[in-house]
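Visitor: Supplied in structure tokens, the structure appears directly below.
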Ligand SMILES: [Fe+2]
Ligand SMILES: [Fe+2]
């Protein structure tokens, strides 16, 4: 008996060690990819012996050796529109490094394996080859041939499609993410145009709004998952796209026709454009703003409206959204609005989702709040800050635990909210990722409401939401 007890403890220790190993490995793999992408960009700007390139190579090598302390070889796969590290989907990286992903596909690379023994010189060669033009690569017989000619023995490339074996659902999700990234690109472009006082490419903005609107029409709950993508460094662009997605999702619950939804969407996408005129150090300030800074900050709605008014072809109601999105339902916000009791309907929609996305994003001056916390803040502000009816519809749509929320069930399991179950605001469908002892499990879906009925007990009940950074989980990996 004693022997068996000892065995059990050893097993548990091994499982725990395996778990930490796989977690550590994934984190380090992410770092490797990050520095690979950064080095590639640096080599496009500077010559290979420039200090910036040398620095990029040494940063990459540091990340790679840190990785090798945990893993044997580094295997990055390109599957459809996404990056995988071995079998694990790198959802966030697929969005962040989409240009790299796209280029690898163009240059017929289906996967990259980096072997121990790779040194800075070989890595630098690899990056330079990767940066060659598509035609130059094709002429030389492809990247693998070029690598071989250089004598690079620690970089192996897979043919495109080597790892392609994906269910249709994953492919659809991938193309939805591609659209998300396209939308981010367009808002980046618009921001640049405002900064350099050029005319805005409103046709592109319209195309993006139409594209997201089609997605919302096809599958609203899948689109809501997209809005959980955030970027700390590029907050405003990602925030604008999230506000677009959530506004269209909420707007489409109301009796609005396509034309009205397009006007709403344009206002939502462009609502914070006025921030372009506010200095970065104020937007990203850690501490509280001084009175002067705050006054400047409060001007962004008016400035945004001015920018849009100067553009031919922006619907007046879209401009109103930019102007009113901080004015609050009861007009107690800014700027001061007179002559009516409430801000307009589209502004009210954008205001609700704007607060939701801002609260659930990490900013220099505040950590991200969990989605259910943000929902409670909206509910608390019903009637004064927010239109009560819109908050009610928004909560019905999002559920108490919105898609992408990390939750703990009463039995102790950890999961990611995958889908809302109709009429069950507190009991969504959850993808379980860790068991009650905290061990990582092959993710599987449970229907919390149904399980509770079947089991007659309440151990399958959501008891709390968990902040992703507390348990080092990226919920996006599981959507
Ligand atoms: Fe704003
Ligand atoms: Fe905003």
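Laboratory data are not the source of any read-out in this text; all were calculated from the coordinates shown. Because the structure is predicted, anything quoted here is derived from the model rather than measured. All Cβ positions, glycine included, derive from the backbone under ideal geometry; neighbour counts span all protein chains shown.
Visitor: Can you give me the Kirkwood hydrodynamic radius for region 168-387, using every pair of distinct Cα atoms, in Å to one decimal?
Guide: 17.6 Å
Visitor: Output the peptides 262-271, 304-313, 112-121 sorted from most to least packed, where packing is the average of other Cβ atoms within 10 Å over each peptide's residues.
Guide: 262-271, 304-313, 112-121
Visitor: Can I ask one more? Using helices alone, what [θ] at 222 nm do you get for the chain, with -39,500 (n - 2.57) per DSSP H run of 4 or more residues, divided over all residues and rounded to the nearest 500?
Guide: Computed ellipticity for the chain at 222 nm equals -17000 deg cm²/dmol.
Visitor: Over the Cα atoms, compute the radius of gyration (one decimal) and Dmax (the largest Cα-Cα distance, rounded to a whole number) for the chain, in Å.
Guide: 24.6, 82
Visitor: Continuing with this model, one more query. Give the relative contact order (percent, whole number) for region 78-205; include only Cα pairs under 8 Å separated by 6+ residues.
Guide: Relative contact order here is 30 percent.
Visitor: May I ask you to order 151-161, 176-186 by the average number of other C-beta atoms within 10 Å around their residues, highest value first?
Guide: Ranking, from highest mean packing down: 176-186, 151-161.
Visitor: Is region 116-225 rounded, prolate or oblate when judged by the Cα gyration tensor, a ≥ b ≥ c being the square roots of its eigenvalues, rounded requiring a/c under 1.5 and prolate requiring a/b larger than b/c?
Guide: oblate
Visitor: Now for a separate question. Give me the distance between the Cα centres of region 109-143 and region 311-374, rounded to whole Å.
Guide: About 47 Å separates the Cα centre of region 109-143 from the one of region 311-374.
Visitor: Hey, what D do you get for region 18-124 in µm²/s if you plug the Kirkwood alpha-carbon radius into Stokes-Einstein at 4 °C and 1.567 mPa s?
Guide: Using the Kirkwood radius from Cα pairs, D works out to 91 µm²/s.
Visitor: Where Rh is the Kirkwood radius over the Cα pairs of region 173-227, the temperature 25 °C and the viscosity 0.890 mPa s, what D in µm²/s does Stokes-Einstein return?
Guide: 206 µm²/s
Visitor: Next question, about the same structure. Using a 7 Å offset from the Cα along the Cα-to-Cβ direction at both residue 471 and residue 254, what is the distance between the two label points in nm, to one decimal?
Guide: Output for this residue pair reads 3.6 nm.
Visitor: How big is the Cα convex hull of region 302-369 in projection, averaged over all directions, in nm²?
Guide: 5.4 nm²
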